[in-house]
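What follows draws every value from the coordinates through simple rules; no lab data is involved. All values reported here derive from a predicted model rather than from experimental measurement. FYI the Cβ positions are ideal-geometry reconstructions off the backbone, even for glycines, and counts take in every protein chain you see.
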Amino acid sequence: MTARTEAGLGNLFGQGLLLAGRNIRLNSIADTVSTMVIFPIIFVFGFLALFGNLLSVRGIDYAQFLPPAIVVQWMFSVAITAAFFAASDRRSGMLARYRALAINRGAVVVGRMAADSVRAVLAIAVIVATGYVAGFRFQAGPLAALGFVALSVAFALTISAGTSALGLASRDPESVSSTLHVIYLPLLMVSSAFVPADAFPGWIEPVVRHQPVTAVLDALRALAEGGPTAGPVVKALAWMAGLLAVFSAAAVQAFRRAT
Amino acid sequence: MNGGGVEVEGLRKVFGDKTAVDEVSFTVEPGAVVGLLGPNGAGKTTVINCLSTLLPLDGGRASVAGHDVAGDPSGVRASIALTGQFAAVDDVLTGRQNLVLFGRLLKLGKAEAAARAGELLTGFGLADAADQPVKSYSGGMRRRLDLAASLVVSRPVIFLDEPTTGLDPVGRQEMWDVVASLREKGVTLLLTTQYLEEADRLADRIVLIDDGKVVAEGTPGELKKQVGGQVCEVRAEPPEDALRALRGKVDNVEESGGLIVVRDADGGTLADVVAALRERGVEADDIRLRRPTLDEAFIALTGHERKETAS
């Protein structure tokens, strides 16, 4: 009973893991087979059917081009779900309960990140497996493939920090997630996700080329296809580091204020 | 587990341009039960949130079980159990899973956490529903599980924020029994409530707060006294006749809900009332002298009626 229950890395990870287990159990209610498996398959084959022929005229192997886009789309979905649960925990009083409990201050964050990572990895596995059926291949070796997964998960966690800041500041999970959809859909559409940047009209092309989602997509495609990877990966990491700094400051602020 | 009191001195909390808690001071002696009573929006929950380290203070100081809230928040957290305003338990988990999780978070071993969960489930009358998901629980069951979750590890000081809000009469009674049993164990209890009856019943002392300020403090009996003497109630048909008979003969007469009420009364007033009624030949069905209710005390002390809330 006298054991220290707040300070130390042991508490951080021990309690973080317990909370991750709790979060995954809660997630598993929201994640059905249809959202985790069938939707990605529909997206991969649906877009392939729509744009595959069109883009092969431009010399693009769409089965290779598309899966990273679906991965990025799903990383957004992971982040939006994270915000949904953050707002739910605030509304239900769960967050206040954890904050008043003699547990490590960071355990709630570690628990959230771990659960989000598990969902991200699951989604990546489903999408990549579907992609393989369609003709997608990791052409740059296992290390680059691992980098692909790591970068995707890191991207999910980065945007989760931002979405969670919003979620923590709200008590309304539904409105937070619909607001976030309004932000993420244009970001994804106006990126090189589904068609290359040079397919956009001239006036918007610079926006497409220089926004963070495109940077992440370029890095993921480079990791999947091989060729020069350092440049795009560094650019993506720089974007993510910047976003993470802003997002995590906002999330910590919101976390401290949440009652 | 005695030895933990709560001391609050000049506590202030400001949200934007609204002062939610203004110079609030009170003390909870170790082992005492103090009720923070006030209408919705009075600042009760904000006080609890400040004391449980969820919100930083904007002024004043507070200590819980000897730990300063600002200087030693982890010491405070290790001394308190907080049961917030909403039953904060996970719906999709079972009652048992909820309690085991809290036990494990507070570093009980697996077996110990399971044993403690079983003990609490039995003690709170939840043994039959222990392995059902919480979403199938009634409001009263959820609230009891919520309280059980904060008692997984014993703490000297317990904060209960509106423990019976939203419960039906049966659920409320069950919660009251649980609180009574905690009090017998000698824990220090600070509870908030909008229900005067509840404060009257559970608390040794009441701190009445309104609009962020303490407006009165004392035992339930003292507060009632502070409002003035007793109340003389006259039941007569029709009440207007009795009212006419009493006007001018005794002070502080009014009609209230079909009864004639004379406030700040004593034995002499009672005699005057009887005499005045007899003089006019008004027959009363019932005349009695009683102490004011806390509802009446509230109106007298805050100047307005207790607000009814939808939640």
Based on alpha-carbon centroids, what's the gap between the range B:224-281 and the range A:62-118 in Å, whole number please?
65
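Can you tell me the dipole magnitude for the range B:137-249 around its Cα centre, using point charges on the Cβ only (Lys, Arg +1; Asp, Glu -1), in Debye to the nearest 20?
Details: 16 positive and 19 negative charges, 44 e Å.
The dipole magnitude comes to about 220 debye.
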With just the Cα atoms defining each centre, how far is the range A:241-258 from the range A:196-234? Give it in Å.
27
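What's the extension gain from A:Val234 to A:Ser28 if we count 0.36 nm per residue and subtract their Cα-Cα distance?
Value of the extension gain: 70.7 nm.
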Taking the range A:60-198 as the region of interest, what is the percent of Cα-Cα pairs per 10 angstrom bin, listed from the shortest bin to the one with the maximum distance?
12, 36, 31, 15, 6, 0
Label model pair B:Glu9, A:Glu174: point-to-point distance (7 angstrom along the Cα→beta-carbon line) in nm is 4.9
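Which whole-number percentage describes the relative contact order of the range B:200-254, with Cα contacts under 8 Å and a sequence gap of 6 or more?
It rounds to 19 percent for the range B:200-254.
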So B:Ser138 and B:Asp204, fully extended at 0.36 nm per residue minus their Cα-Cα distance, gain in nm 20.8 nm
For the protein assembly as shown, what is one quarter of the convex hull surface built on the Cα atoms, given in nm²?
33.5
For chain B, what mean projected area does the convex hull of the alpha carbons give, in nm²?
18.8
Which value, in nm² and rounded to one decimal, describes the direction-averaged projected area of the C-alpha convex hull of the range B:162-311?
10.8
Residue-averaged 222 nm ellipticity for chain B, from DSSP H runs of 4+ at -39500 (n - 2.57), nearest 500:
-10500 deg cm²/dmol
Rel. contact order, % - alpha carbon contacts under 8 angstrom, at least six apart, the range A:14-257
27
Compactness of the range A:176-259 as Cα Rg over 2.2 N^0.38 Å, two decimals:
1.30
With a 10 Å Cβ neighbour count serving as the proxy for reagent exposure, in which order, fewest first, do B:Asp90, A:Asp61 appear?
A:Asp61, B:Asp90
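Of the beta bridges DSSP finds with both residues in the protein assembly as shown, what % are antiparallel, to the nearest 5?
Antiparallel: roughly 65 percent of the beta bridges in the protein assembly as shown.
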Percent of Cα-Cα distances greater than 17 Å, calculated over the range B:229-291:
23
Volume per residue of the C-alpha convex hull in the range B:180-267, rounded to whole Å³
145
For A:His181 and A:Arg256 in the same chain, what is the full-extension length gain: residue separation times 0.36 nm, less their Cα-Cα distance, in nm?
24.4 nm
Based on Cβ point charges of +1 for Lys and Arg and -1 for Asp and Glu, what charge dipole magnitude is obtained for chain A about its Cα centre, in debye rounded to the nearest 20?
900
Out of B:Arg291, B:Arg205, B:Arg235, any idea which swings most in a Gaussian network model of chain B, alpha carbons joined below 10 Å?
B:Arg235
Using 1/(1 + (r/R0)^6) with R0 = 56 angstrom and r between the beta carbons of B:Arg61 and A:Ser56, what's the FRET efficiency to the nearest 0.05?
0.20
Net charge contributed by nearby residues that have their C-beta within less than 14 Å of A:Ala63 (K/R +1, D/E -1):
0
What spacing in nm lies between the two simple spin-label points modelled at A:Thr35 and A:Tyr132, each 7 Å away from Cα in the Cβ direction?
2.6
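Using the Cα centre as the reference, give the magnitude of the dipole from point charges on the C-beta atoms of the range B:6-224 (Lys, Arg: +1; Asp, Glu: -1; all else neutral), rounded to the nearest 20 debye. It would help to have the intermediate numbers written out before the result.
Working: 23 positive and 30 negative charges, 136 e Å.
For this selection, approximately 660 debye.
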How long are the semi-axes of the equivalent ellipsoid of the range A:14-257, defined as square roots of 5 times the Cα gyration tensor eigenvalues? Whole Å, largest first.
32, 18, 17
Set Lys and Arg Cβ to +1 and Asp and Glu Cβ to -1, take the dipole of the range A:80-146 about its Cα centre, and tell me which of A:Val118, A:Leu146, A:Met94 lies farthest positive.
A:Met94
At R0 = 22 Å, how high is the FRET efficiency between B:Leu289 and B:Lys225 if r is their beta carbon distance? Nearest 0.05 is fine.
0.95
Place a point 7 Å from Cα of B:Glu279 in the direction of its Cβ. Which residues in the range B:236-269 have their backbone N less than 15 Å from it?
B:242-253, B:269
For the range A:1-151, what does the relative contact order come out to in percent, with C-alpha contacts under 8 Å and a separation of six or more?
44
Among the DSSP H helices of chain A, those whose Cα atoms extend at least 30 Å along the helix axis and whose mean Kyte-Doolittle hydropathy is 0.5 or higher are A:9-30, A:62-92, A:107-134, A:141-168, A:230-257
Sort out the exposed loop GluC sites (Glu not before Pro) in chain B (DSSP loop, at most 13 other Cβ within 10 Å) and tell me the longest stretch that has none.
B:1-282
Rounded to the nearest whole number, the per residue volume of the convex hull around the C-alpha atoms of the range B:34-133 in Å³ is 144
Would you mind telling me which residue in A:Ser28, A:Ser170, A:Ser77 has the biggest mean-square fluctuation in a Gaussian network model of chain A, where springs connect alpha carbons within a distance under 10 angstrom?
A:Ser28
Of B:Gly84, B:Gly248, B:Gly140, which is the most mobile in a GNM of chain B whose springs link Cα atoms less than 10 angstrom apart?
B:Gly248
If you take each beta carbon of peptide B:76-89 and count the beta carbons of other chains within 10 angstrom, what is the mean?
5
Distance in nm between label sites at B:Glu237 and B:Glu23, each 7 Å beyond Cα in the beta-carbon direction?
5.3
